[in-house]
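Everything below concerns the one structure shown next.
Values in this text are rule-based calculations from the coordinates and carry no lab data. Note that the structure is a prediction, hence the values are computed from the model and not measured. Every residue, glycine among them, receives a Cβ derived from its backbone with ideal geometry; neighbour counts consider all protein chains shown.
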Amino acid sequence: MVTASLRLLRQGSGCRLPSGWAGMSPWLRAGKSVMSSGSAQLSMIHPEPGERAEALLNDAVLRLLLEQATEALVLVDATGRVLAFNGEASRQFRMSRPERVEHGWLPGCAWVRAEDPSLPLEISPLTRGLAGEWVKDARWGLRRPDGTVVVLRGSVVPLGVRDGRAEGALLRAREETPARLDAASAARLLAEAGALLSGALDAEERMEPLLRLLVPAVADAGVFYLGPPGEPARAVAAAHASPERHCLLVEWLRGQPTDALVPGGLPPVPGTGGARRLRLTEAHPDAASSDAAPHLAGMLELHCYLGVPLVARGRVIGSLALFRSDASHDFGIEEERLAEELARRTALSVDNARLLREAREAVRLRDEFLGIASHELKTPLTPLHLKVQLFHKKVELMAVHGQPVSAERVLETLEVVQRQVRKLTSLVDNLLDVSRITAGRLKLELEEMDLASVAAEILYRFAPSAAQINCSLELQAPLPVVGRWDRLRLEQVLTNLVSNALKYGAGKPVCVTVEAEGRNARLTVKDCGIGISARDLPRIFERFERAVSDRHYGGLGLGLYITRQIVEAFGGTVRATSEPGVGSTFVLELPRGDIPEEWLVPPAGGEPPPA
């Protein structure tokens, strides 16, 4: 008769016993099975446990049954000695066969609750089996030596129970794999994601709810990253299946390095080529030995990684990173396809939200500009109209009385008209320049000239205006600085910078410095005016931007934008430094172009080289 232990092996392993097996094991052939009161008793003809163990281990057929079993099989005796430990047990427990177990605990392993791995089991399944209890169809959690946690479903059968104690125990267990996402569930998940994204004006607000659709259905944790192309991505949403570890993940992301080569950082954002699957230990093989930030796998027990890029109009704008705790369950092709589709929809929504914000901002800037432009164009027109109207009435009145028109009055009126017309012309020219720059039609007519002479001429033109506001102009240009530039555009740049300095630094000195550094020329315009705040400084060179109220200082907000565009067309740079209440300094770096080598050497006596 087949013994109870082999019957359990046969029923649980899914293997068929070959005919004639009983003849190979005389001690088993003599045994008989007794199933009563929830326990199995095994009668042996050999009284010594050591001899029974030798017979069990030396039986070739039984070994074959053990190794062909699809379940983990562990057989221990009352002393804790391991009599059988098949290959499936080695795979599931991530360890080779141990010599013995202590108090029912496998070496390096910890039995935990299946529903909450943070809570240990008070009594291990093997301990219950050795105590004579038959544990049927139970679920346990097991923390393996590598730190991963697996959920097992199985039974423990006590063997040879005498006086309430068993002479051995057999553990049968099968790893409980998470259910895969079927096609219907995946379609439902994508439908829910589409509903979330369709109503989002700010896509970033919907990132965490999107992750909650994937966690824990597809992954144990997830992170959404967003960032402009070429810049470090920032984590905008994170989720973990465990509330405690969710807080730890969020805290870790705040300080984690963006460089993938730094130990503790995440793998790099995948490119437009597609998704990337790997183990985190493969991405950072030296992380465990590093004294830098703790590695993600060690802190959160996340080992499997699936990274999917968020691609919009051919540009990577972020990524979706998914993680699993169980290193034995890598992400499959189904999860990858689902993540790619979700990433595609998310990228489209994020890009559409960005375009909507930019369109709204453009409309706001347009309306603001139209209001300012109307005001600025009307400002010179009003005195021009009044002056012409007054002069017209005066001429009619003098004609009625037969009096000649005074030449002095005519010249005064024409001077006002010319001044206001110049203002209108300057405003219109700025608008035309912006149109040319936007259309890429800004042309440069290069010729040799002395930058110091151009600066002196511009200051001479501004001298009357500076005198009216009690502002002194100073030029520091001890030597000529010759280069190839467009005179009209260069004068336009200097005019914009000097007029700005006089406008915002009225009553205080303005200093212009011209100097040469090899094949580059440097021009500095410094004022002692109201200055620019650090918050406004980065945007003053943008179109329609101002650092002060247009009500007090006027202007279209185009001067510095046109200046930057012209300087960059020369191949140079312009930068500004400022401190509120102290003043501002604008520095231009201009390449001198293709000029003779002798022009780079300062001439004797400070005379400019021949043009």
- For the peptides 92-102, 385-395, 340-350, what is the packing order when you average, over each peptide's residues, the other Cβ atoms within 10 Å and list the highest mean first? 340-350, 92-102, 385-395
- Task: Would you give the gap between the C-alpha center of the range 467-512 and the C-alpha center of the range 65-129, rounded to a whole Å?
- Result: 85 Å
- Query: Highest mean first, what order results for 65-73, 358-366 on Cβ atoms within 10 Å?
  - Reply: 65-73, 358-366
- Which FRET efficiency, nearest 0.05, do V428 and S198 yield, Cβ-Cβ r, R0 51 Å? 0.65
- Item | Length released on extending from T577 to R519, taking residue separation times 0.36 nm less the Cα-Cα span | 18.5 nm
- Computed E for A183/A456 - FRET, C-beta separation, R0 60 angstrom, nearest 0.05: 0.15
- Item | Farthest toward positive dipole pole in the range 447-606 [+1 Lys/Arg, -1 Asp/Glu at C-beta], among C471, G593, I566 | C471
- R0 = 25 Å: FRET efficiency of C247 with S96, Cβ-based, nearest 0.05? 0.10
- Task: Mind ranking 317-326, 135-144, 401-410, 586-595 by how tightly packed they are, going by the mean number of other C-beta atoms within 10 angstrom, highest first?
- Result: 317-326, 586-595, 135-144, 401-410
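By how many nm would the segment from S118 to K393 grow when fully extended, if each residue of separation counts as 0.36 nm and the alpha-carbon distance is taken off?
Contour length minus the Cα-Cα distance gives 89.4 nm.
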